[in-house]
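Asks: Below you'll find the structure I mean.
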Amino acid sequence: MLDLARIDAGYLGFQALFGVSMNVNAGEAVAVIGANGAGKTTLLRVISGLLAPTAGAMTMQGVDLVALPPHKIIETGIAHVPEGRRLFPRLSVEDNLRMGAYIPAARARFSERLDYVFTLFPRLKERRGQLAGTLSGGEQQMCAIARTLMSGPKLVLLDEPSMGLAPVIVAQVFDLVRRIRAEGYTVLIVEQNVSQVLKVVDRAYLLEVGRIKASGTAAELSASDEVRKAYMGL
């Protein structure tokens, strides 16, 4: 589904990614793990078109993504839940969801998609008129994921969904990941909480200082002494 080959990227002369190659197959959940500053968020920004790569190739179901502007990348079926959720705090839950359905194909099916996400997340239906900024941390992450699903994506990008949340809320967030997986979505998730994320994905890539250092099944990386010592405190 998604294929990256030898991607380089950076900011104003600072190179953050070095020759990153990876793929995500339809129906998979894949994690990119690593420490803060490893380049994980940069990688998702490149995939969603917010940052242009300086070298390499990138395709989504055979469509060249490098030449596309961000709004056209969304139309290929890629939707991005950004780090920190980035909700509109002074808009209602429903209005935030409406913002996720702004591409033409999604606007035409707004009512249908709204009913779908309310079925998936009934708590949001209860709070549809509530200001998004007054939701709990877990509810805000739920709203951010639901907003992304409003576009009817094929691939969901999740950027550090557990960041800044209390442990009990972190468990709820990873349950959300399991739930959208069960709905058949393909997921690419970047996450520092290695022990938790490896429980909900099929495969993972270890990113260190902008380079892929290891890859394998979730079970293989969970059993790796290097990963266990450096990222899981074991």
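The values are calculated or read from the model by the stated rules, or taken from the named source; none is laboratory data. Treat the numbers as computed from the prediction; the structure is a model and nothing was measured. Quick reminder, even Gly has a Cβ in these numbers, built from the backbone with ideal geometry, and neighbours come from all protein chains shown.
Asks: Within the bounds of segment 2-9, is there any residue that is of a type outside the set (Lys, Arg), assigned to a loop (DSSP other than H, G, I, E, B) and surrounded by 14 or more Cβ atoms within 10 Å (Cβ to Cβ)?
Replies: no
For (1) outside any loop (DSSP other than H, G, I, E, B); (2) surrounded by 14 or more Cβ atoms within 10 Å (Cβ to Cβ); (3) out of contact with any His (no Cβ under 6 Å at 6 or more places or on another chain), each residue gets a yes or a no:
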{"position": "157", "(1), (2), (3)": "yes, yes, no"}
{"position": "168", "(1), (2), (3)": "yes, no, yes"}
{"position": "173", "(1), (2), (3)": "yes, yes, yes"}
{"position": "220", "(1), (2), (3)": "yes, yes, yes"}
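Asks: Considering only residues of segment 19-46 that are surrounded by 17 or more Cβ atoms within 10 Å (Cβ to Cβ) and closer than 12 Å to residue 8 by Cα, which is modelled with the lowest pLDDT?
Replies: For segment 19-46, the residue satisfying everything is 39.
Asks: Shifting gears a bit: Out of the residues in segment 132-155 meeting the condition of being more than 19 Å from residue 115 (Cα to Cα) and either among the aliphatic types (A, V, I, L, M) or touching a strand residue (DSSP E or B) at 6+ places or on another chain (Cβ under 6 Å) (or both), tell me which one is surrounded by the most Cβ atoms within 10 Å (Cβ to Cβ).
Replies: The qualifying residue surrounded by the most Cβ atoms within 10 Å (Cβ to Cβ) is 155.
Residue by residue, here is whether (1) under 15 Å from residue 81 (Cβ atoms); (2) of a type outside the set (A, V, I, L, M) holds:
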| site | (1), (2) |
| --- | --- |
| 106 | no, no |
| 112 | no, yes |
| 124 | yes, no |
| 131 | no, no |
| 136 | no, yes |
| 154 | yes, yes |
| 157 | yes, no |
| 168 | no, no |
| 171 | no, no |
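Residue-wise test of (1) surrounded by fewer than 18 Cβ atoms within 10 Å (Cβ to Cβ); (2) closer than 28 Å to residue 213 by Cα; (3) without any contact (Cβ under 8 Å) to a residue 24 or more places away in the chain.
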site: 49; (1), (2), (3): no, yes, no
site: 53; (1), (2), (3): no, yes, no
site: 61; (1), (2), (3): yes, yes, no
site: 65; (1), (2), (3): no, yes, yes
site: 73; (1), (2), (3): no, yes, no
site: 101; (1), (2), (3): no, no, no
site: 109; (1), (2), (3): yes, no, no
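Asks: Right, something else. Anything in segment 175-190 that is polar (S, T, N, Q) and either in contact with a Pro (Cβ under 8 Å, 6 or more places away or on another chain) or in a loop (DSSP other than H, G, I, E, B) (or both)? List them, or say none.
Replies: Result: no residue meets the conditions.
Asks: Can you pull out the residues in segment 115-169 that are touching a residue at least 40 places away in the same chain (Cβ under 8 Å), among the small types (Gly, Ala, Ser) and closer than 13 Å to residue 98 by Cα?
Replies: The answer is 132, 144, 146, 151, 152.
Asks: Follow-up question, since we're still on this one. Within segment 78-92, does at least one residue satisfy the condition of being within 30 Å of residue 37 (Cβ to Cβ), small (Gly, Ala, Ser) and modelled with pLDDT under 85?
Replies: Within segment 78-92, one or more residues are within 30 Å of residue 37 (Cβ to Cβ), small (Gly, Ala, Ser) and modelled with pLDDT under 85.
Asks: Are there helices (runs of 4 or more DSSP H) fully within segment 35-122 with at least 1 residues that are assigned by TED's automatic domain parsing to the domain that holds residue 2 and of a type in the set (Lys, Arg)? List them.
Replies: Here the list reads 40-47, 70-75.
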